[in-house]
Each structure stands twice: as structure tokens, then as C-alpha cells.
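One structure is given below, encoded as C-alpha cells.
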Amino acid sequence: MSTFPAERTVIVTGAVSPRGIGRATAELLASQGWHVGIIDLDEGDCKALAAELASKHDVQAFGAAADVSAELQVRTAIDQIEANLPQIVALANIAGVSSSDPYLELTSAEWHRVININLNGVHYVTRRAAESMVRSGVGRIVSLSSVSAQRGGGTFSKTPYSVAKAGVIGLTRALARELGPYDITVNAISPGPIDTDIMGGTLSEERKAELAEDLLVNRVGSTHDVATAISFLVGEDASFISGQTLNVDGGLYMH
């Protein structure tokens with residue numbers, strides 16, 4: 001079992017949105033001593049968040065802009081992160097988009113937009129990060145799926161979103177098998193209803209109560225709930241967990 005280096009970096013995609021899971025994850029991991037590489041769309045926002053994390057948590061941080069659906073941009077961004085931060089040990093694939101178009105109104109452009117960001121993007125980022133992890137002989141990869149993948153929708157986002165998130169689970173299992181010999185674990189997290197803007201904007205108290213009626217707990221989830229699960233799976237002690245999908249969903253989906 002490979003041990004973590006004393007100085008370790010996590011890459012977090014989709015980290016900039018103030019109310020997003022990516023931001024909560026970057027904040028939590030920085031508070032735990034991880035150096036943080038940030039990938040999001042806007043260069044200025046990435047740099048600003050990196051400066052904030054470095055100042056607040058006394059870690060190193062570096063922001064690099066990339067559209068995750070553009071492979072060359074992704075590779076360039078991770079090259080920059082690797083050149084500026086300590087060893088890349090972990091990756092949290094969080095960048096994603098929602099899509100509420102009904103299937104019979106779905107355009108080809110919308111289908112490809114969602115698949116390209118939510119599935120191909122996870123592949124592009126993971127493929128480049130895995131190269132570095134294989135060289136160093138240790139790694140943790142965690143990608144966001146969704147309960148929508150397991151239930152066939154039934155959430156704010158519909159078909160292409162569910163398909164992409166189901167693809168993330170298949171990708172996670174296949175990569176866990178292929179990358180395991182290099183001491184790299186690969187897992188997915190499947191959130192249920194979380195109070196973020198991807199649910200169609202800030203949730204009203206009424207909408208939160210309505211969503212909670214389907215759960216086994218009496219509230220919708222917070223970004224911190226998901227971030228703590230990611231923190232566990234990218235940790236050194238989670239080395240015997242791979243190929244799994246952890247539902248952080250308040251009991252919405254049990255199988």
C-alpha cells in the first residue's frame with residue numbers, strides 16, 4: 001500500500017461557484033492541509049479562489065481556466081497545476097451542468113452539450129490526472145454521479161443528464177479495475193437533492209420541505225455533506241475502497 005507524500009495536491013474541477021459542491025470541497029480539503037489545483041471556466045475566478053484558499057488555510061493553491069469538455073484545455077490546465085504545486089495525489093471531478101429539457105423537446109445540441117461536459121469532461125480530466133498518478137504510484141479519483149442516474153431521472157435534470165451521470169458510474173468501475181494495480185482508487189459519489197444553484201436556482205424553504213418528503217432524513221442535503229464524503233474517499237485511509245458509488249442522498253435511493 002502506497003503512502004501519501006507529506007505535501008499533496010488535489011485537483012478540483014468546477015470549484016468556483018460560491019454555492020457549489022466544488023467550492024465546498026476545495027474549502028474543506030484546503031482546511032485539511034491539501035494543496036489545491038482549481039479548474040473552472042473563468043481564469044480570473046480561478047486565480048481569485050486560489051489566492052483566497054492559500055491565504056485562509058496556509059496552503060498552496062493554483063487556478064487554471066479550462067472548459068472540461070475541451071481536452072487540450074484540460075491537459076494544459078493540469079500541466080500548469082502540476083508545474084506549480086506539489087505531487088498530484090487526488091482528483092475531484094465536480095464540474096457539471098444541469099439540463100431540464102423534456103426528452104421530446106430535446107435538441108441534438110443540448111444532448112451533446114450535457115454529455116460533453118458531464119461525461120467526456122470527466123474522462124478528459126481523469127485521463128490526464130491519471131498519467132501523473134501512475135508515475136508516482138498513488139492516487140485517489142472521485143467523480144460526481146447523481147441519484148438521477150440510478151432512478152432514471154425524477155430530479156430537476158432529465159435524460160441527457162441521467163445518461164451522462166450513469167456513464168460516470170460505468171467509467172468509475174472500469175477505471176477502478178484498470179488503475180488499481182498502480183495503487184489508484186476510483187470512486188463515485190451520487191448526491192440526492194442538494195441545496196445548490198444547479199437545482200434551478202436557490203431553493204425556497206417550501207421547495208426544500210417538498211424535496212425532503214421523499215427522504216429518510218428531514219432535510220435536503222448541503223454542499224458540506226457531499227464535500228465530507230469526497231474528503232473521506234480521497235483520504236489516505238480509504239485505500240481499500242474502489243469501484244464504488246457512495247450515495248449521499250438522505251436515503252432517497254436504496255438498492
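Okay, here's what the table says:
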item: Of all residues making up region 31-48, the number that are crowded, with 24+ Cβ neighbours inside 10 Å and either among the aromatic types (Phe, Trp, Tyr) or farther than 20 Å from Arg128 by Cα (or both); result: 1
item: So Arg75, is it under 20 Å from the mean Cα position of the chain (by Cα), basic (Lys, Arg) and more than 24 Å from Pro191 (Cβ to Cβ); result: yes
item: Matching residues, region 88-102, being of a type outside the set (Gly, Ala, Ser) and part of a loop (DSSP other than H, G, I, E, B); result: Ile94, Val97, Asp101, Pro102
item: Hey, Ser231 in contact with a Leu (Cβ under 6 Å, 6 or more places away or on another chain) and among the hydroxyl-bearing types (Ser, Thr, Tyr) or not; result: yes
item: Top-ranked residue in region 157-170 [being part of a helix (DSSP H, G or I) and in contact with a Ser or Thr (Cβ under 7 Å, 6 or more places away or on another chain); ranked as surrounded by the fewest Cβ atoms within 10 Å (Cβ to Cβ)]; result: Ile169
item: Given (1) surrounded by fewer than 22 Cβ atoms within 10 Å (Cβ to Cβ); (2) touching a residue at least 12 places away in the same chain (Cβ under 8 Å), number of the condition Ser143 does not satisfy; result: (1)
item: Considering residues of region 203-255 that are of a type in the set (S, T, N, Q), part of a loop (DSSP other than H, G, I, E, B) and out of contact with any Asp or Glu (no Cβ under 8 Å at 6 or more places or on another chain) only, the residue surrounded by the most Cβ atoms within 10 Å (Cβ to Cβ); result: Ser242
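A short reminder: the numbers here are calculations on the coordinates, not readings from a lab. Bear in mind that the values here come from a model prediction, so they are computed numbers and not experimental data. Counting neighbours? That spans all protein chains shown, and the Cβs are built from the backbone with ideal geometry, glycine included.
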